[in-house]
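Notes to accompany the following structure.
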Amino acid sequence: MQIITPDYILTPDMLLCGMSVAFDKTIKKIAPLEELKKEFGGADVIELKKNSLLMPGLINAHVHIEFSANKTQLSYGDFIPWLYSVIENRDELINGCDDTCMAKAVNSMLESGITTFGAISSHGMDLNVCAKAPQNVVFFNELIGSQATMADALFTDFLARLDASKSVKRDGFYPAIAIHSPYSVHPILIKKALRIVRDEKLKLTAHFMESSAERDWLDKSDGDFKDFFENLLKQSSSISDPSEFLEHFSGYETLLTHVVKANDDELKTLSSNRHTVIHCPISNRLLGNGVLDVKRLQDHNIRWICATDGLSSNYKLDLFEEMKCALFMHSNMPLLELAKNLIRSVTKDAANALGINSGEIAEGKNADMIVLALDNEPNDELAVHLILHRYNISKVYINGKLEK
Ligand code: MCF
Ligand code: FE
């Protein structure tokens, strides 16, 4: 048992002052230090510097670890040119990203206070690094393929990757399923995968309505995707429409990434199915996809959480950076309220969306916690200050173990 003695605790719903936390793998009790010392006699007491703040470790629900080799290869500014650049550089990017490259990405997340991440695994090349990562990992095996003729082969490969991820037996590692997107996964494949989700109660995610090209292709089999599908995949029309796609997910609380171009009917469906939107503001900007209307999501009562996406569409895997960009991007929202929502989105809300027992400094929760060195006493605007000032992260605990 250990007792940590910060000056302040952000739970994240409340700011506590003068309380300490007794924990092993989980948080046992939050109370004044003297009380904890009496109750947990032999516990180690961790002393901290003045103005230290304890808060939940951050949760990055969407990242593509296998794409971590990209720095300047991929073309930014517009979705379709980006996609062509992915296809052109794919082998070089994926093969150029060995375990060392991926471990570096995972370690950079740890350094920036990320104690859980959702890895979208396209090929299973990241399994080893994710299995060994210090963080909790929701390992989303991706299913992709729009051609019915390829369905069997693609599904066999997907099942092999899913099985490999199930053979990882460690605390905090959760095999899961990602459906790439409505334009790239054939309904036959989606149905087969969803049966596994249902039978094995796995977590589920998908990219949805990221670009106008996607919107136009799914609605009208037209727009910027037309040449791509005709020339590369010999496909003249879309394999599904958005409502058909969403229908597959009814009854499964799904994490849908991007959702920038969704219409009101689709948002109603998201809301009634209790889906969560994963918002990746930097990725959206860099791929020319515009700005997610988070106010509209809130009006529809849809939970949204903030994530980085991969280094395929970002320059950093850092949720503080991501929140800062979001704070400036959504300039129509009240500043403090948005800052509080952002902090909650990468802690408590992300944990609930991923179904993990974390994201809060509360009794019974996993001891996933970070310590920040504030430079003075926090005030009512702490959420804004946390996002603006990039305070030093002095300690990172994951399941009670000191990892930084
Ligand atoms: O999230 C970004 C942009 N949207 C879609 N896909 C990806 C992103 N970063 C990497 N990808 C991967 C995706 O998982 O790119 C591959 C898929 O395996 C090809 S389709 C763009
Ligand atoms: Fe993505």
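Computed from the coordinates by the stated procedures, all read-outs in this text should not be read as laboratory data. Because the structure is a prediction, the values reported are computed rather than measured. Note: ideal-geometry Cβ built from the backbone for every residue, glycine included; neighbour counts use all protein chains shown.
Tell me the net charge near Glu111. Cut-off is 14 Å between Cβ atoms, Glu111 excluded, with +1 for each Lys or Arg and -1 for each Asp or Glu. Before the final figure, lay out each step's value.
Working: positive: Lys104, Lys316, Arg390, Lys395, Lys404; negative: Asp318, Glu321, Glu403.
In short, +2.
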Q) Roughly how many whole Å is it from the C-alpha centroid of the range 29-108 to that of the range 134-151? A) 21
Q. With the contact rule set at Cα under 8 Å and sequence spacing of 6 or more, what percent relative contact order holds for the chain?
A. 21
Q) Ordered by residue, what ³J(HN,Hα) values in Hz, to whole numbers, does the range 388-404 give under the Karplus form 6.51 cos²θ - 1.76 cosθ + 1.60, where θ = phi - 60° and Gly and Pro are x? A) 7, 9, 6, 4, 5, 9, 8, 9, 10, 10, 10, 6, x, 9, 6, 10, 8
Q | Helix-derived mean residue ellipticity, 222 nm - over the chain, DSSP H n ≥ 4, -39500 (n - 2.57), to 500 | A | -11000 deg cm²/dmol
Q) Non-local amide H neighbours of Ser20 (under 5 Å, H modeled in plane, Pro and chain starts lacking H): which ones? A) Ala31, Leu33
Q | Volume per residue that the Cα convex hull of the range 262-350 spans, once the total is divided by residue count, Å³ | A | 95
Q | Residue-by-residue Karplus 3J(HN,Hα) for the range 299-313, coefficients 6.51, -1.76, 1.60, Hz, glycine and proline x | A | 4, 8, 6, 9, 6, 10, 10, 9, 9, 8, 6, x, 6, 6, 8
**Q.** Nearest-ten-degree value, helix 79-95 long axis tilted from longest Cα axis of the chain
**A.** 70
Q) Could you give me the ³J(HN,Hα) list for the range 219-234, computed from phi with Karplus coefficients 6.51, -1.76, 1.60 and θ = phi - 60°, whole Hz, x at Gly and Pro? A) 7, 10, 6, 9, x, 5, 7, 4, 4, 4, 5, 5, 7, 7, 10, 6
Q: Run the numbers on the range 266-404 and let me know its relative contact order in percent, using alpha-carbon pairs under 8 Å that are six or more apart.
A: 18
Q) Using mean Cβ contacts within 10 Å as the protection proxy, how do 63-69, 370-376 order, highest first? A) 63-69, 370-376
Q | Folded to 0 to 90 degrees: helix 335-345 orientation relative to the chain principal axis, Cα | A | 80
Q: May I ask for the angle, rounded to the nearest 10°, between helix 319-329 and the longest principal axis of the chain, with both axes built from Cα atoms and the value confined to 0 to 90°?
A: 70
Q. Top mean-square fluctuation among Glu377, Glu253, Glu321, Gaussian network model of the chain, C-alpha springs under 10 Å?
A. Glu377
(Q) Among 103-116, 151-164, how do they line up by average Cβ neighbours within 10 Å per residue, starting with the highest? (A) 103-116, 151-164
**Q.** Sequence-separation-based contact order of the range 281-338, relative, with Cα cut under 8 Å and 6+ spacing, percent
**A.** 38
Q | Peptide ranges 212-224, 305-317 listed from the most packed, as the mean C-beta count within 10 angstrom indicates | A | 305-317, 212-224
Q | Amide H within-cut-off set for Phe173, under 5 Å, with H built and near neighbours excluded | A | Val137
Q. Per residue, what volume in Å³ does the Cα convex hull of the chain take up?
A. 132
**Q.** Listed pairs Lys104/Lys191; Lys226/Lys295; Lys29/Lys324; Lys25/Lys348; Lys29/Lys50 exceeding 26 Å between Cα atoms
**A.** Lys104/Lys191; Lys226/Lys295; Lys29/Lys324
Q: Determine the distance separating the Cα centre of the range 261-327 from the Cα centre of the range 353-404; give it in Å without decimals.
A: 22
Q.
Net charge around Leu336, counting only other residues with Cβ within less than 11 Å of its Cβ (Lys, Arg = +1; Asp, Glu = -1)?
A. -2
